[in-house]
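Some notes on the structure that comes next.
Derivation of every value follows stated rules applied to the coordinates shown; laboratory data play no part. All values reported here derive from a predicted model rather than from experimental measurement. Using ideal geometry, Cβ is built from the backbone for each residue, glycine included, and neighbour counts are taken over all protein chains shown.
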Amino acid sequence: MREYLLTLCITAAVTYLLTGPVRKFAIVAGAMPEIRARDVHREPTPRLGGIAMFGGLCAGLLVASHLTNLKGVFELSNEPRALLSGAGLIWLLGVLDDKWGVDALIKLGGQMIAAGVMVLQGLTILWLPVPGVGPVSLTPWQGTLLTVALVVITINAVNFVDGLDGLASGMVCIAAAAFFMYAYRIWYGYGLEAAAPATLFAAILMGMCLGFLPHNIHPARIFMGDSGSMLIGLVLAAGAISITGQVDPDAMKLFVGSETAAVHATVPVYIPLLLPLTVIAVPFADLVLAIVRRTWRGQSPFAADRGHLHHRLLEIGHSHSRAVLIMYFWSALIAFGAVAYSVNSVSMWFVLSIVGLSAVGLVLLLLPRFTPRVPHWAEGFVPPRYRRRNRIAAAAREVAPEASCDAAAEPVGRVPAGVNGATAIGDRSRFAQQGATPGGGWEKKIRSSR
């Protein structure tokens with residue numbers, strides 16, 4: 001565990017330190033596209049944050065290859081090299097897209113090529129644990145197609161959700177943390193060395209996201225771009241493929257005892273079928289809804305729009321930060337809920353906790369629908385938008401435009417009753433006020449000349 005934590009910290013530190021120079025390079029290189037209709041930021045922001053994340057990935061793999069215990073992963077398995085090869089190709093494709101733009105079909109082809117490179121080097125699904133049947137061996141063609149499909153789906157799901165500051169990096173970090181807990185339990189609890197590469201990939205992925213997140217939280221100073229979103233999506237898919245199709249369920253020796261006990265004992269074996277989907281459940285749901293929505297409108301499934309889940313959260317009244325936190329909450333609930341189910345699937349407390357947390361999530365979604373009344377003594381403990389003074393000021397700002405229109409129709413020099421003229425009417429020239437006011441400065445000058 002200490003070596004995994006050291007690898008995570010090195011990856012995070014390298015990613016964090018590289019992001020600043022990469023931001024300056026992106027500005028000089030002109031990787032600051034104009035604001036599009038679907039964007040939520042107001043100022044051009046540099047991309048190419050994936051360069052720093054790829055540097056963190058390389059640093060993490062390099063450090064892990066020299067550690068006492070983790071270097072065995074590189075000696076016994078070719079999966080780290082396969083990951084680095086596929087990550088290099090997908091990162092290069094993302095850099096080209098961030099700078100010059102790449103057609104959607106070309107990107108799809110590049111994603112499939114990156115997945116195929118990993119398959120050729122041994123990172124592929126060899127068998128599937130099917131409930132009620134057991135491990136089912138796959139032919140090379142079946143394993144290749146399933147691996148490529150999982151990589152492409154995961155990459156695009158993460159890419160689709162990358163629409164708010166810190167959203168994609170935070171959600172993938174949460175998914176990687178849940179996956180790390182599951183993979184480490186399989187490796188350490190059952191003594192299966194085949195789960196070590198997936199555990200290493202999850203630790204490195206957490207470091208990449210944690211190192212980049214301080215630069216990407218709202219307001220973001222740099223975006224990861226496709227070079228970053230496709231990269232972290234590929235790393236997440238690589239970990240899922242490694243532990244799903246490489247770990248032999250029979251090695252856990254769980255198929256003993258009664259049939260009921262065997263069903264409960266083999267839950268950790270079947271979780272890999274669901275965990276790769278649960279860790280990207282929110283992005284995957286967003287991906288499916290986007291494809292259905294665009295196809296229904298007669299558009300290309302790859303055409304961008306403002307109908308994603310995070311856009312809808314903003315439309316119903318959530319702030320930028322709260323929309324991101326709500327997406328974090330649901331991602332953590334699904335991912336860690338799946339891991340907890342693999343540990344104890346028969347506990348009633350587990351079911352009640354999931355139901356209770358889901359209710360809390362629904363309440364958070366409906367927060368913009370009501371404004372709570374906070375007493376004066378408790379205003380210091382709530383966000384500013386719920387304080388009485390700020391609500392009164394906001395109401396005054398809403399009335400101000402109507403008051404200014406009414407004031408324009410009244411004779412000059414009169415102030416609407418009950419409204420502060422300086423606030424409602426707006427900025428006016430000091431000299432015009434004096435000339436228009438009865439007994440003002442200009443009138444006094446005329447009388448004195450007479």
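Table for the structure above
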| item | result |
| --- | --- |
| Rounded to whole Hz, the Karplus (6.51, -1.76, 1.60) HN-Hα couplings of segment 165-171, x for glycine and proline | 4, x, 6, 5, 5, x, 5 |
| Net charge of Cβ neighbours under 15 Å - reference Met327; Lys, Arg +1; Asp, Glu -1 | -2 |
| Net charge of Cβ neighbours under 15 Å - reference Val22; Lys, Arg +1; Asp, Glu -1 | +3 |
| Cα shape, segment 39-158, gyration tensor, a/c 1.5 rule | oblate |
| Centre separation in Å (Cα based) which lies between segment 54-123 and segment 314-332 | 31 |
